[in-house]
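The values are calculated or read from the model by the stated rules, or taken from the named source; none is laboratory data. Just so we're clear, the structure is a prediction, and the values are computed from it rather than from any experiment. Neighbour counts are summed over all protein chains in view; Cβ atoms, including those assigned to glycine, are modelled from backbone coordinates with ideal geometry. Heads up: the accessible areas ignore ligands, DNA and RNA and are worked out on the full protein's heavy atoms, side chains in. Shrake-Rupley method; radii C 1.70, N 1.55, O 1.52, S 1.80 Å.
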Amino acid sequence: MSASGVLSFTQQGWEQVLAKVKRAVVYLDATCVECLHWGCGSTRLLEAVGSPECHLREFEPDAVGGGAKQPKAVFVLSRLLKGRTVEILRDIICRSHFQYCVVVTAVSHAVHLTANHVPAAAAAEMEGQQPVFEQLEEKLCEWMGNINYTAEVFYAPLLLAPVAPHLALTPAFASLFPLLPQDVHLLNSARPDKRKLGSLGDVDATALTPELLLQIRCLVSGLSSLCEHLGVREECFAVGSLSRVIAADLANYAPAKNRRKTAAGRASVIFVDRTLDLTGAVGHHGDNLVEKIISALPQLPGHTNDVMVNMIELTSLQTEEENYNVVAPGCLAQSNDTTAKALWEALLNTKHKEAVMEVRRHLVEAASRENLPIKMSMGRVTPGQLMSYIQLFKNNLKALMNHCGLLQLGLATAQTLKHPQTAKWDNFLAFERLLLQSIGESAMSVVLNQLLPMIKPVTQRTNEDYSPEELLILLIYIYSVTEELTADKDLGEAEEKVKKALAQVFCEESELSPLLQKITDCDSSINLTFHKSKIATDELFTSLRDIAGARSLMKQFKSVYVPGNHTHQASYKPLLKQVVEEIFHPERPDSADIEHVSSGLTDLLKTGFSMFMKVSRPHPSDHPLLILFVVGGVTVSEAKMVKDLVASLKPGTQVIVLSTRLLKPLNIPELLFATDRLHPDLGF
């Protein structure tokens, strides 16, 4: 029941895939590639295929089919086998010469029954049968052109991307994000004949869209498989409205009932809505090198949690931008390199200064082992110093291959240290600290007026000034750290000034970034009028007001702001810290905001009897394993904080932090202004 169970769960799922891929053409979708990337690496897959040629392909409509000498195919998919996904499968097979097809799906057969509208009672009677998979097997043979050919369809729990022993992500659910008050109006408009929802507190499964409900069920099915692997019966708890729906679905997930009866271990699973604390997601107070790396370096294509590391310094090519795409990029995930993995985990668990010193130490030791002519230098670690060590490996193929993972992490560190974004990190931090003091001493209108001079059009901005996207990050910080706002004339006027200034800046951008295109609903700055831009900023401030009121339904966790006094400056207290401290409070109080979600009549009776008799309600600190799932993303610093806090408050308790994605500040405006929050694309 240790945190290492997350890695063994992931690897066990992939072992089922690897057992099928020998001499096959293997098609994977982007989500499965990302899980493989962190779980066991593409090298393991290539070794299992065992063919001298590389036959790994992306699962997409234009994917190349199998040739006459390629009779076997394996499809590894994160999606439901339905609609568009099945059409792509059919098209690839029909233009190929396959005689043996295997389809592996990361979605269980029980969820496929739900997606095909099979009633729960009928689904329960089908236990042990897999009609959806069997029907698809028949179709696969039909598409291959011979019913005597071989087809297999099965489920493997390819849910997690394990970033560290204590932290794992769910790439298939990277877009899953908690609801905002404005979503209540959209839900109400879709149910004209039903009782109107008054607030997010009224949202339950019956109020959600079918697509969002099915997305939640896919997640719950995967989490149930994880609990089965860990050998635990879980008690479910929730903090926040969408978390409550997810926790209730897991608690009442019918296929888990038999598993729970025989489980030897116990665990508490607590879901927390990210929207209750966006300050920690957009803030720059996490003194962690990895957070800076993922903020500074470009995203690895097709991935949500890794970055591209420029490897050109280790080649003889000129370090000019046109050559950057000539060499394959490096990355952070080093699942098959023991030394690099140890360094990666050290970077996740140490402060920035110690982390860069650890990178230097590893590079020095590696160079020494390879007898490279290293010149020792002490004191402050600089990007130039790291690069001088890395370039020692440049023309030594054996040394390069021995330490490839370490060199990727070293280059990522050096490139981040000299990146302009890293210099700006400290500017953000200084301004956020100033905001914390101002919020305690001044009205919100004064705080917004302080921001106004920083809103500059592109023609007046220097590298040290804030871009429109960075201004959005600061606004989210301001509105998230405050408590619910009371509308007044001064605030209305201050907001109007900021809206107009932002609208003007949007209009004057030479090119609209993908985020600004999404916010303004305009693909080009040429077509963006001030009127259209002003409508966008009005909607933007509606979302900001929603963020400010996100904790209004909380009774205990109403604030993440700690006012200053004569001895301490005002500060930010993360919601996750408050939740963990409440869980392990020595007096074990019944929390008003950590809601236990019952798993049927027995729990309901127990809860009812507790009003009259001494029947203890389930408490999240009851069990030796705590699984904390942050819905909407988590930062590296938050995951470390939770791990360290649990170890100090209740030594011996194992903790696993799960989340939908690893966050950098820019992700939050992207998630907030996503248009498909209520209608996720499930691939059909």
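Number of residues in region 242-278 that are touching a residue at least 24 places away in the same chain (Cβ under 8 Å), of a type in the set (S, T, N, Q) and either surrounded by fewer than 24 Cβ atoms within 10 Å (Cβ to Cβ) or more than 26 Å from Gly549 (Cα to Cα) (or both) equals 2. When residues in region 219-233 are screened for being open to solvent by 10 Å² or more (accessible area, probe 1.4 Å) and either assigned to a strand (DSSP E or B) or touching a Gly at 6+ places or on another chain (Cβ under 7 Å) (or both), 4 of them pass.
The residues listed here are Pro420, Pro468; of these, the one that is open to solvent by 60 Å² or more (accessible area, probe 1.4 Å) and more than 24 Å from Pro373 (Cα to Cα) is Pro420. Just one of the listed residues (Gln408, Gln415, Gln391) is assigned to a helix (DSSP H, G or I), open to solvent by 60 Å² or more (accessible area, probe 1.4 Å) and touching a helix residue (DSSP H, G or I) at 6+ places or on another chain (Cβ under 8 Å), and it is Gln391. Exactly one residue out of Leu89, Leu45, Leu80 is open to solvent by less than 10 Å² (accessible area, probe 1.4 Å) and in a loop (DSSP other than H, G, I, E, B): that is Leu80. The residue list Leu242, Leu250 contains one member that is within 16 Å of Asp593 (Cα to Cα), in the same structural domain as Leu212 (by the TED database), modelled with pLDDT of 95 or more and part of a helix (DSSP H, G or I), which is Leu242.
Would you mind stating whether Glu138 is modelled with pLDDT of 95 or more and farther than 26 Å from Val33 by Cβ?
Taking the combined requirement at face value, the residue satisfies it.
A Cβ distance below 7 Å, combined with a sequence gap of six or more or placement on separate chains, defines the contacts here; from region 463-477, residues that are closer than 16 Å to Lys664 by Cα reach residues that are surrounded by 20 or more Cβ atoms within 10 Å (Cβ to Cβ) and of a type in the set (S, T, N, Q) in the pairs Tyr477/Thr279. Is at least one residue of region 38-49 modelled with pLDDT of 95 or more and closer than 16 Å to Thr105 by Cβ? Within region 38-49, not a single residue is modelled with pLDDT of 95 or more and closer than 16 Å to Thr105 by Cβ.
Checking each residue in region 564-585 for being modelled with pLDDT of 90 or more and in a loop (DSSP other than H, G, I, E, B) picks out Lys573, Pro574, Phe584, His585. If you go through region 346-360 and keep only what is more than 19 Å from Trp425 (Cα to Cα) and open to solvent by 10 Å² or more (accessible area, probe 1.4 Å), you end up with Ala346, Asn349, Met357, Glu358, Arg360. Is it the case that Leu140 is surrounded by 14 or more Cβ atoms within 10 Å (Cβ to Cβ), closer than 22 Å to Cys227 by Cα and touching a residue at least 24 places away in the same chain (Cβ under 8 Å)? No. Residue pairs whose Cβ atoms lie under 7 Å apart, sitting 6 or more positions apart in sequence or on different chains, and linking a residue in region 293-307 that is touching a residue at least 60 places away in the same chain (Cβ under 8 Å) to a partner that is open to solvent by 10 Å² or more (accessible area, probe 1.4 Å) and polar (S, T, N, Q), are Ser295/Gln421; Ala296/Gln421; Ala296/Thr422; Leu297/Gln415; Val307/Gln299.
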